[in-house]
Every structure is written in structure tokens, then in C-alpha cells.
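Chemist: My questions will all concern the structure given below.
The values are calculated or read from the model by the stated rules, or taken from the named source; none is laboratory data. Here the structure is a predicted model, which means the values were calculated and not measured. For neighbour counting, all protein chains shown are included, and Cβ atoms are generated from backbone atoms with ideal geometry for every residue, glycine included. Side chains included, ligands, DNA and RNA excluded: accessible areas come from the protein's heavy atoms. Shrake-Rupley method; radii C 1.70, N 1.55, O 1.52, S 1.80 Å.
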Amino acid sequence: MANIQDNKAKLPIPKNLLFIEHEVPSSTAASASTTPTDPSVADPLAAVGAGIPPQPQTNGATSPPIPPLTQRVGKLGLVETKLPDVHAEPHEYYGGAEVWTRARTFSNSGVAGTTKRRPPQMGGEKISRNRRLSHDETTASAPRRFLIDVEETMRIVLEQEDTDRNFQISIYDSGPKLLSLGTASSNAHKTFDIRGTYMLSNLLQELALARDYGRKRIVLDEARLAENPVDRLSRMIKNSFWNALTRRIDAEGLEVACADPKNRSQHTKARIYIPYGEDEIAEHYRQIAREKPNLNLTVDILPQKCDDPAFVKSLNDKPGILALAMDRKVDTDGKVKLEALPFIVPGARFNEKYGWDSYFMALGLLVDGKMDLAKSIVEHCMFEIKHYNKVLNGNRSYYLCRSQPPFLTDLALQIYNQLDRSQKEENKSWLKRVIQASIKEYHSYWMSEPSLDPVSGLSRYRPVGLGIPPETEATHFTHILQPYAQKLRISVNEYIEGYNNLTIHEPELDEYFLHDRGVRESGHDTSYRLDKKCADLGTVDLNSLLYKYEFDIASAIEVAFDGEMDLEEEFPLSPWPVTPEAFESGAPREISTSVIQTSKHWFERAAKRKEIMDELCWNDGHGMYFDYDTKAKKQARYESVTALWPLWAGCASENQALKLVRYALPKFEVAGGLVSGTEESRGIISLDRPNRQWDYPYAWPPHQIMAWVGLERYGFVDDAARLAYRWIYMMTLSFVDFNGIVPEKFDAVELSHMVDAEYGNQGTDFRYVPREGFGWMNSAYQIGLQCLSTGMRRAVANCVPPWVFFNLPAPDFTSAKKRRAEREAREAEAAASGHGGAPKLEVHHDPPSLEEAVAKLKLELGAGPAAGAEGQQ
């Protein structure tokens with residue numbers, strides 16, 4: 001143990017810090033502004049995280065004791081001042097005015113491996129410390145706090161612990177995972193060990209946050225370093241990540257909103273496109289351009305038909321952001337002022353409003369009580385439908401031709417059900433606007449050709465477009481285009497230019513990019529399920545969503561509008577019933593304003609779609625849904641987790657739901673939740689056939705959320721809770737082991753965010769502290785927690801694996817075992833060379849499989865006298 005102590009970093013004692021009254025215990029009361037759970041309900045996890053034993057209730061449950069009603073205080077000279085809550089947000093914890101003290105100060109710094117300690121000094125005089133027992137402080141009368149010099153401590157933490165030099169502390173770093181900090185109550189006479197990856201990574205994060213607020217020296221609560229990981233992540237999502245992902249296209253936010261990491265064109269200056277007829281919005285942005293010439297902002301007006309493929313392709317050399325909804329405000333002078341409404345971006349390289357990402361992020365916002373922000377997202381969707389004819393893939397000029405999976409009606413009803421019931425007429429007026437917009441999108445885009453297949457009656461992801469998608473990475477299509485370029489003996493770049501300029505014609509590539517655009521519209525870009533055939537598939541997911549559209553519209557009209565509703569905007573309606581003849585060129589179309597929308601009509605549409613899906617997509621022998629190939633006129637037998645989407649939409653019968661849970665669900669359930677598809681359907685992976693990010697073994701938040709909701713809808717609550725636990729466990733484990741990381745997706749088989757697919761993994765590239773997580777992953781965590789019981793939350797906060805909690809067979813982590821062996825070998829080598837601290841004494845044991853447990857039990861039972869007598873025979 002002496003070697004371990006000598007190798008710990010000896011940190012300096014900062015000067016002139018807030019003096020903490022250590023006799024006054026800090027309040028552990030939940031803060032309504034920082035606690036993710038309902039403040040009216042006692043949170044047992046807070047007690048467990050603080051080491052407070054739960055106390056029994058009359059109903060047999062447990063809850064923490066009522067915390068003392070005391071405040072954390074410090075002194076400004078002789079004046080007492082209130083301190084922020086232990087788990088307050090950084091702007092409150094570090095952003096307030098510093099409070100100084102006249103306490104004596106010391107200087108005592110060093111790095112790992114230093115054996116000689118410099119004695120503390122005060123005014124040049126050496127001060128001896130005659131200490132007994134351990135060097136660790138053992139005061140139990142008050143929560144522990146540390147005196148910290150921010151820059152020096154941060155330097156030492158990185159120097160000692162960040163061995164892979166990525167500015168993060170993870171389980172792959174081979175440092176000693178041990179650091180001593182001077183305690184505030186002893187004025188740093190005594191020190192306490194900070195141990196383990198989680199506490200050290202939290203220390204690095206807190207130091208980075210303190211530095212953000214200009215703090216040179218801080219008093220840091222140990223509780224912030226040892227915070228319950230479930231509470232910490234949920235708190236960060238609610239109070240930090242959502243704020244970091246929020247954008248406004250206004251004078252202050254234009255520079256950030258216009259930035260496009262995907263833009264590889266010659267012109268990268270800020271450009272905004274305004275819809276036809278929105279002169280007031282155009283003048284608003286021109287005024288901003290005049291007032292802020294440093295933005296170098298260009299304001300362009302779109303034509304009335306802005307989604308013409310040739311026109312959209314012409315914008316690829318000058319891409320820009322598309323204007324979104326604005327609110328009209330009247331200032332004190334009576335003048336009307338436009339105010340940009342906020343929206344949420346996914347994060348990382350995706351810095352615009354996305355279609356289905358926005359839906360799932362909005363669900364998380366609703367869980368976190370951010371109703372206004374969720375409503376703003378709906379306003380933007382309505383604006384896009386009005387001016388761009390659909391909810392766009394994203395609000396960039398190169399997305400004008402395509403949409404994404406439609407979720408608008410469900411989001412509208414989710415919000416409507418949470419609105420203030422006293423504003424009944426205002427709420428109905430808002431809902432009517434959303435339903436009218438949804439009906440337009442339904443008729444104008446999803447139930448019109450080319451999206452609709454009039455023969456089968458199913459809709460497809462089949463957007464129009466010309467050329468190669470410009471938003472992809474530069475080399476994304478190189479392997480596809482290389483053979484065609486070689487035929488013409490030109491470079492790939494020359495071929496791309498010729499193909500985009502229509503000087504090179506290649507029907508095979510036209511077909512390929514037709515399907516590629518469909519894959520991108522589906523949101524599942526990319527997957528072998530959809531490769532080279534997406535535009536021909538009547539997918540289970542899209543038609544489940546459209547069934548939900550039809551049923552939601554019918555329900556809203558029936559409940560909120562007494563069974564009938566008129567349409568105010570004029571557009572052609574999709575023929576009903578759907579027949580090939582009704583969609584022939586020149587066939588008559590009804591106009592929206594001339595037809596009253598009835599709930600009966602929309603219930604009929606929903607029933608018809610269910611009938612078609614039962615006939616063409618449902619496979620009773622396999623007990624699951626499959627996509628229908630409208631070209632080959634047969635089911636596509638790729639086993640996709642989207643087979644569970646009918647549960648979310650409610651279009652599966654009870655018998656179908658039972659078969660899905662019995663036969664389909666086990667195909668997709670793995671250690672970390674639900675994978676996108678089965679390994680068998682994905683096929684063999686090789687250099688010529690690399691893995692795709694929406695195939696096995698990868699898992700995504702939308703699939704998890706849809707499954708949880710769908711299973712609960714049909715009464716399979718235990719299955720939903722088990723799947724949610726798996727997902728929350730995987731997220732929490734990565735958060736604890738990898739410096740607070742919240743990625744875009746996971747390898748759910750290996751419980752790893754280290755994804756080897758075409759786009760890598762977004763949300764993992766940050767320094768010191770995660771700032772935004774990743775949009776829908778944030779939501780999945782907040783929503784998933786709602787599916788867990790108190791016991792499950794407590795277990796997952798302690799990183800209890802799901803196979804242990806639910807008594808299931810342990811998975812075989814082949815690659816994880818390999819990585820662990822490599823890490824242990826590195827640590828042993830570092831320890832032997834004297835640079836890595838003492839080797840670990842504990843040995844990792846995987847949980848026994850069910851077979852191993854049974855065999856062990858048989859041996860134990862067979863050790864009695866009877867077994868011995870039998871053995872002698």
C-alpha cells in the first residue's frame with residue numbers, strides 16, 4: 001500500500017477560497033430545477049447514492065429519510081452567504097460570485113511517482129503535521145468537500161490518468177485511477193482519495209466546467225463526483241444537453257444555425273432560403289444582414305414550386321439553411337416584431353432540424369417538462385408542410401425533395417393531452433391547425449405517386465431527385481462509382497462531375513440513387529435490408545406510421561370536432577378508394593376545400609390499410625411482419641425490428657401481437673436491447689461487403705422507444721420494462737466507463753459505443769466534458785427511465801447487468817473478453833515498469849451461464865452422504 005500512496009498525485013492547495021462551515025451539513029433536498037424525477041415523490045436513489053439507508057414504509061416499500069431543512073453556507077469575511085445546491089447546474093454552482101476567505105493557505109503540489117513531499121508553508125514558515133492513523137480524512141459529521149486549484153489539478157489529472165491522450169478518462173486508460181485531494185474542512189491538512197474511472201472522469205468534467213466559468217480555484221463537493229450516475233445523466237440531459245442542442249434562426253443564432261459540417265461546396269458563406277410569398281420573413285433577414293455585415297449573410301427567395309428536382313440540384317453549389325416558423329410579437333411601441341421559434345438539432349455533424357429525430361427528441365422534451373419547445377417543433381413541421389409540401393428530411397436546401405418517417409399526428413396528440421385544460425378553445429384551434437397540416441402532407445406526399453404504389457395500396461420511401469446526394473461524406477460512394485469511372489478511364493471526381501451535370505448518362509446508377517434516396521428518406525441509412533431496393537418496398541414501418549396518421553386524424557376529428565372538420569388550404573386530394581385507374585394521368589381529383597373531412601372516412605382508410613398489411617406484410621407462419629416488394633410482388637424476407645412497429649401504431653390484432661412477442665421479439669433481443677435486424681438476414685460481412693449501421697449488431701433509440709410503447713400498449717409491460725432496463729443499463733455503463741459519453745447508437749451485442757460502420761459514431765468526439773449528448777439518445781434515456789420500477793432504477797444505477805437482475809443466461813462477449821485481456825496485459829506491463837501503479841488484485845469474472853449454474857448446483861447437491869455412498873458402489 002505504501003507504493004500506491006507514493007504514486008498518487010499531490011495536488012496544490014488553492015488560495016483565497018470560500019471557507020465552508022463544516023459543522024453545517026449540506027441539504028440533500030431535491031431541487032425542482034435540477035432533479036429529473038417528480039419532486040413530490042421521494043427518490044430512493046438519492047438516498048442510496050448518498051449512503052443513507054432506505055427506511056421502510058407502511059406498504060413495504062422503502063424511501064429515504066426526510067433530509068434536514070438546512071442550507072449550505074459559507075462566509076464573506078464575517079458575513080454568512082448561501083451556497084448553491086450540491087447538484088446545482090454549472091452556471092449556478094460555478095457561475096456565481098466567488099466568496100473569499102481569510103483562512104490560511106498552503107502550497108503542496110506534485111505528480112504521480114513523486115516520493116518526496118514538500119512540507120506545507122504559511123508565510124515562508126514550514127509547518128509540521130503530526131498525523132495519526134490514515135492520511136485520509138475520516139470526519140463523518142459533514143459531507144466532504146475539496147479545495148482545488150483548477151488548472152493545476154486538471155493538468156495533473158490528464159498527465160497521470162489520460163494515458164491515451166484523448167482528453168477523456170475511460171476504462172481504457174491505464175493510469176492508477178487514484179488521486180488525493182485536500183479537504184476543505186481541514187483547510188487541506190488532510191487528504192482523501194478519489195478512486196476509480198467514474199469519480200476521476202467526473203472530476204475532470206467538473207474542472208472543465210469550472211474553467212468555463214473562469215474559476216481558478218473552487219471548493220468542490222465530493223457528492224458531485226460520486227453522484228448517482230442515473231441521476232447525473234438524467235440531470236445533465238434535462239438541464240444542459242437540451243440547451244446545448246437548441247437553435248434559433250435569429251440575429252444571435254444565425255451564425256451557429258447556418259454552420260453546416262456537411263457542406264463541401266465552393267461557397268460556404270451563410271445563406272438562408274425564404275419560402276415564396278413570405279416577404280415579411282425575407283425582409284426580417286435582410287435587416288439582420290444589414291445590421292450584422294460580419295455574418296456575410298445572403299438571403300434568397302425560393303420559387304413557388306421549390307421541390308422540383310432540377311431546381312434543387314441547381315442549389316447544390318450554393319447550399320443554405322431553409323427558413324422555419326416565426327412568431328409575431330407586438331413590442332411596447334405597438335410594432336409587430338418577428339421572433340424565431342427554437343428547435344432541437346440531433347448534434348455533432350447534424351446541425352439542422354431533422355424530421356423523425358425531432359419527434360423522438362420532442363418526446364424527451366415532454367418528459368422533461370419542456371412543453372413550449374416541443375410545441376415549437378410542431379410549429380416548424382406545419383411551416384414546412386405549408387411551404388415545402390412535407391415535413392422535411394432536414395431544413396437544408398439539399399433536403400427539399402425528400403421527407404422522413406411521419407410522426408406529426410402522434411406528437412400533436414401527445415402535446416394536446418398535456419395542454420392546460422382551461423384553454424379549451426385555444427387548444428382545439430391549435431390541434432385543428434396541426435390536423436389540417438397532417439392531412440395535406442398525407443394527401444400531397446405519402447398518398448401520391450411516386451410514394452404511393454396504386455396497385456398494392458402501400459406507400460413507399462421513393463423521393464424524387466437528381467444526381468448524387470451532396471450531404472454524404474466525400475468518399476461514401478467511391479466504391480460504387482469506381483467501376484463506372486474505370487470504364488471511361490477517368491477519375492472518380494471527374495465522373496461525379498459529369499454525372500451530376502448530366503453529361504454522363506448511366507441508367508444503372510439512376511436506379512441505384514433512386515433507392516439510395518429512399519434509404520435516406522427512411523431514416524435507416526444505410527442497411528442491407530433496403531440496399532438497391534428501398535424505393536420498391538412497401539415497408540412495415542412506413543405503413544404502420546400512415547395507419548397511425550389515419551387513426552389519429554379520425555380520432556381527433558371525432559373527439560375534438562364532433563366528427564367533421566373542414567380544410568382551409570386548397571390542394572388536390574388523393575383518390576379514394578385507391579385503384580390504379582384513379583391515379584392515371586388526367587383522372588379527376590377532388591379539391592380539399594370542397595370536401596368535409598369526417599372521422600368515418602378516416603377510420604375507413606385506417607381499416608383498409610390494416611387489411612392490406614395483413615394480406616401483404618403479415619406472415620402467420622413466421623409470426624411477424626415483412627416488407628412487401630411492390631416490384632417483385634412478394635414479401636422481402638429480411639427480418640427487421642421494424643416488424644414491431646405495428647404494436648406502436650395499434651394495427652396488430654391481439655393474436656398477431658402475441659405471436660410477435662413469442663416469435664419475433666426473441667430474434668432481436670440482445671444484451672443491450674433490440675438490434676436493428678437479425679445476423680442471419682444481414683449476411684456475411686467482409687472487406688467487399690462491410691457492415692451497415694442500421695443492421696445487426698447495432699441498436700438505435702427509435703427502435704427501442706417504439707418497442708417499449710408498443711409492448712405496453714398491448715399489455716406486455718414486463719417485456720417493455722426488461723427491454724428498457726437493457727437499454728438504460730447499456731447507456732449508464734458507457735456513461736460511467738467512458739467519461740459521460742452519450743453516443744448516437746450502440747453495438748448492443750457487445751454493449752459498446754465503438755461502432756465499426758460507415759459513419760462511425762456521432763456524439764463521441766468531445767474534450768473533458770460531454771456538452772450535448774446526442775438528440776434521440778438523450779430522449780431514450782429519459783423515456784426509458786419512465787418504464788423502470790424503483791428497484792430497477794436502483795439496480796441500474798449500480799450497474800447491475802440485466803442478466804443478473806432478471807436471472808437470465810449471461811451473454812458471451814467475445815470481443816469484450818479480448819479487449820479486457822489486452823487492457824489487463826497493458827496494465828500489468830505498466831505496473832511492471834513502474835508507470836502504471838500497483839496491478840489490480842481483483843479478477844474479473846463473467847456471470848455464470850444458466851447451464852454452468854445448474855451444473856454447479858448439481859455438484860453442490862451431490863456432495864452429501866447419498867452421493868458419497870453412490871460413488872463407492
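Chemist: Out of region 317-345, which residues are open to solvent by 40 Å² or more (accessible area, probe 1.4 Å) and either in a loop (DSSP other than H, G, I, E, B) or in contact with a Ser or Thr (Cβ under 8 Å, 6 or more places away or on another chain) (or both)?
Modeler: Selection gives 317, 318, 331, 332, 333, 334, 335.
Chemist: Of all residues in region 605-618, how many are open to solvent by less than 20 Å² (accessible area, probe 1.4 Å) and either assigned to a loop (DSSP other than H, G, I, E, B) or not aliphatic (A, V, I, L, M) (or both)?
Modeler: Looking only at that region, the number is 3.
Chemist: What pairs can you find where one residue is in region 403-422 and touching a residue at least 24 places away in the same chain (Cβ under 8 Å), the other is part of a loop (DSSP other than H, G, I, E, B) and crowded, with 22+ Cβ neighbours inside 10 Å, and their Cβ atoms are less than 8 Å apart, with a gap of 6+ or different chains?
Modeler: Close Cβ pairs (under 8 Å, with a partner that is part of a loop (DSSP other than H, G, I, E, B) and crowded, with 22+ Cβ neighbours inside 10 Å) amount to 403/390; 403/391; 403/393; 403/463; 404/391; 404/393; 406/391; 408/391.
Chemist: OK, next. Can you name the residue in region 370-387 that is in contact with a helix residue (DSSP H, G or I) (Cβ under 9 Å, 6 or more places away or on another chain) and more than 20 Å from residue 426 (Cα to Cα) and, of all such residues, is most open to solvent (accessible area, probe 1.4 Å)?
Modeler: Out of the qualifying residues, it is 386.
Chemist: Going through region 444-495 one residue at a time, which ones are within 32 Å of the chain's Cα centre (by Cα) and of a type in the set (Asp, Glu)?
Modeler: Matches in region 444-495: 471, 473.
Chemist: Looking at 556, 582, 535, 587, which is the one that is over 16 Å from residue 403 (Cβ atoms), open to solvent by less than 10 Å² (accessible area, probe 1.4 Å) and small (Gly, Ala, Ser)? Lay out the reasoning, then the answer.
Modeler: On the way: 582 fails: open to solvent by less than 10 Å² (accessible area, probe 1.4 Å); 535 fails: over 16 Å from residue 403 (Cβ atoms); 587 fails: open to solvent by less than 10 Å² (accessible area, probe 1.4 Å).
The conditions single out 556.
Chemist: Condition first: of a type in the set (Ser, Thr, Tyr) and touching a residue at least 40 places away in the same chain (Cβ under 8 Å). Now tell me which residues in region 584-627 satisfy that.
Modeler: Within region 584-627, 592, 598, 599, 625 qualify.
Chemist: So which residues in region 144-165 are β-branched (Val, Ile, Thr) and either under 13 Å from residue 194 (Cα atoms) or open to solvent by less than 40 Å² (accessible area, probe 1.4 Å) (or both)? Break it down into steps so the answer makes sense when it comes.
Modeler: Within region 144-165, the first condition is being β-branched (Val, Ile, Thr), and the residues that meet it are 148, 150, 153, 156-157, 163.
Within region 144-165, 148, 150, 153, 156, 157 meet the criteria.
Chemist: Does residue 214 meet the test of being in contact with a Phe, Trp or Tyr (Cβ under 9 Å, 6 or more places away or on another chain) and on the phi > 0 side of the Ramachandran plot?
Modeler: Yes.
Chemist: Filter region 662-706 down to the residues that are touching a helix residue (DSSP H, G or I) at 6+ places or on another chain (Cβ under 6 Å), aliphatic (A, V, I, L, M) and within 21 Å of residue 618 (Cα to Cα) and list them by number.
Modeler: Matches in region 662-706: 664, 674, 675, 706.
Chemist: Another question about this same structure. Can residue 251 be described as outside any loop (DSSP other than H, G, I, E, B) and either in contact (Cβ under 8 Å) with a residue 12 or more places away in the chain or touching a strand residue (DSSP E or B) at 6+ places or on another chain (Cβ under 7 Å) (or both)?
Modeler: When the stated conditions are applied, residue 251 does not pass them.
Chemist: Hey, can you tell me all the residues within region 219-235 that are open to solvent by less than 10 Å² (accessible area, probe 1.4 Å), among the hydrophobic types (A, V, I, L, M, F, W, C) and over 21 Å from residue 161 (Cα atoms)?
Modeler: 230, 233
Chemist: As an exercise: evaluate residue 263 against (1) loosely packed, with under 14 Cβ neighbours inside 10 Å; (2) modelled with pLDDT under 95 and give the number of the one condition it does not meet.
Modeler: In the conditions (1) loosely packed, with under 14 Cβ neighbours inside 10 Å; (2) modelled with pLDDT under 95, residue 263 misses (1) alone.
Chemist: OK, next. Only one of 697, 702, 666 is out of contact with any Ser or Thr (no Cβ under 9 Å at 6 or more places or on another chain) and open to solvent by 10 Å² or more (accessible area, probe 1.4 Å); which? Steps first, please.
Modeler: Values: 697 fails: out of contact with any Ser or Thr (no Cβ under 9 Å at 6 or more places or on another chain); 702 fails: open to solvent by 10 Å² or more (accessible area, probe 1.4 Å).
Among 697, 702, 666, only 666 is out of contact with any Ser or Thr (no Cβ under 9 Å at 6 or more places or on another chain) and open to solvent by 10 Å² or more (accessible area, probe 1.4 Å).
Chemist: Report, ordered by the first and then the second residue, all pairs with beta carbons closer than 6 Å, sequence separation of six or more or different chains, a first member in region 755-774 that is at positive phi, and a second member that is acidic (Asp, Glu) and modelled with pLDDT of 95 or more.
Modeler: Listed by first residue and then by second, the contacts come to 763/744.
Chemist: Any idea which of 650, 677 is under 19 Å from residue 752 (Cβ atoms) and touching a residue at least 60 places away in the same chain (Cβ under 8 Å)?
Modeler: Checking each option against the conditions leaves just 677.
Chemist: Then there's this: Look at region 388-398 and say how many of its residues are open to solvent by less than 10 Å² (accessible area, probe 1.4 Å) and assigned to a helix (DSSP H, G or I). Reasoning before the result, please.
Modeler: Restricting attention to region 388-398, the residues satisfying the condition of being open to solvent by less than 10 Å² (accessible area, probe 1.4 Å) are 388, 390, 392-397.
Those still in the list that are assigned to a helix (DSSP H, G or I) too: 388, 397.
Here the count works out to 2.
Chemist: So residue 403 ticks every box in (1) of a type in the set (S, T, N, Q); (2) within 29 Å of residue 273 (Cα to Cα); (3) out of contact with any strand residue (DSSP E or B) (no Cβ under 7 Å at 6 or more places or on another chain) but one. Which box is left unticked?
Modeler: Result: residue 403 fails condition (3) only.
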